[in-house]
Amino acid sequence: MRLPLSLDQFRTDHGDPSGWCAAEIDAYTAIGDMAPPAPLPHTHTEMQAIAADHLRSAAMSLAGPVPTT
């Protein structure tokens, strides 16, 4: 079974780009135009949660140390 085309897989299969012929360069360019980009590391919901955590952390650091009694 062959994995879907990706630029990384093409480079792995064909080696160092400095030795490619014109046809390989054209194929690489065409794959880059057709292949979907790599998925993002987080979903939109996860990014919103991460941003909220960062804001909460920043607000706490601006407020200074919490007094303990």
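What to note about this one:
- Proximal charge balance of I31 [Cβ under 12 Å; K/R count +1, D/E count -1]: -4
- Protection proxy ranking, peptides 19-27, 36-44, 6-14, average beta carbon neighbours within 10 Å, highest first: 6-14, 19-27, 36-44
- Here volume of the Cα convex hull per residue in Å³ was computed from the coordinates, and among (1) 181; (2) 66; (3) 209 the match is (3).
- Accessible area expressed per residue, the chain, with surrounding protein chains retained (probe 1.4 Å, Å²): 87 Å²
- FRET efficiency for H14 and I50, using Cβ-Cβ distance with R0 set to 30 Å, rounded to 0.05: 0.20
The values are calculated or read from the model by the stated rules, or taken from the named source; none is laboratory data. None of these values were measured; they are calculated from a predicted model. A quick note on method: Cβ atoms are made from the backbone with ideal geometry, for glycine too, and the neighbour counts reach across all protein chains shown. The accessibility values were calculated without ligands, DNA or RNA, using every heavy atom of the protein model including side chains. Shrake-Rupley method; radii C 1.70, N 1.55, O 1.52, S 1.80 Å.
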